[in-house]
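The values are calculated or read from the model by the stated rules, or taken from the named source; none is laboratory data. Because the structure is a prediction, the values reported are computed rather than measured. Cβ atoms come from the backbone with ideal geometry, glycine included; neighbour counts cover every protein chain shown. Protein only, heavy atoms only, side chains kept; ligands, DNA and RNA dropped before computing areas. Shrake-Rupley method; radii C 1.70, N 1.55, O 1.52, S 1.80 Å.
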Amino acid sequence: MKSRINSFYLIALIFSVFSFGGSWQFNSLSAETSCKYSISSEATGLEWKAFKFTEKTGVGGKFTKLNISGTKSAATVPDTLKGLKFSIDALDLDSGNPERDPKIKGAFFGNLKKNGKIEGSVSSVKLETDGKSGSGVVKLLWNGVSKEVPLQFTLTGEVIEAKGLLDVNQWNAGKALTELNKVCNDLHKGKDGKSVLWPDVEIIIKSTLKKDCK
């Protein structure tokens, strides 16, 4: 009888130890999932792609300085991005061709208000249920005109990449585009011999979010 009682207490003790250990592990894992995200100018860049020739061949470049304000830490990526404001000095650019850069700065941005300075804010961000893709809207103030640009983005770990397409004519930049095409006339001639510079510009925003978990 005494042996049975001892066995009972031994089983109860083992059960208690394992139950306590399991509960402790679960609580530890739950605590690790409490994370906050933030974004910075240093970890963010904006690239662009213009198109020339009748066959619409892409010509890429980037702005070398991007200033972000209104940053905050938040528990979700959409909350981190929503409400952010940014500004870009359009003359701080790099097209990958030193001979082309002054033409873009002078003939195009030089013919826009404030030398083409770009200002904007993130109006909305929505993350899909897969947690790896989403959409959003950026309000862009450029050449005295404010318009919204839809974006599609992907999220890989803490790296976010957003893409959008704009028509410079919607910001009254058509005349400046024509001036740029004049100074680059021969360089914009494709197989058909026509000099074409499209008003469509693709923008690509890349950033590495900072993830802080406690």
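Annotations
- Any hit, the range 44-52, residues being assigned to a loop (DSSP other than H, G, I, E, B) and among the charged types (D, E, K, R): no
- All positions within the range 46-60 that are open to solvent by less than 60 Å² (accessible area, probe 1.4 Å), closer than 19 Å to Glu119 by Cα and not aliphatic (A, V, I, L, M): Trp48
- Every residue from the range 173-183 that is assigned to a helix (DSSP H, G or I) and either open to solvent by less than 60 Å² (accessible area, probe 1.4 Å) or not acidic (Asp, Glu) (or both): Gly174, Lys175, Ala176, Leu177, Thr178, Leu180, Asn181, Lys182, Val183
- Meets criteria (in contact (Cβ under 8 Å) with a residue 60 or more places away in the chain and out of contact with any Pro (no Cβ under 7 Å at 6 or more places or on another chain)) for Trp198: yes
- Subset of the range 184-203 (residues that are in a helix (DSSP H, G or I) and surrounded by 15 or more Cβ atoms within 10 Å (Cβ to Cβ)): Leu187, His188
- Residues (without any contact (Cβ under 8 Å) to a residue 12 or more places away in the chain and either under 17 Å from Val201 (Cα atoms) or aromatic (Phe, Trp, Tyr) (or both)) located in the range 66-115: Asp101
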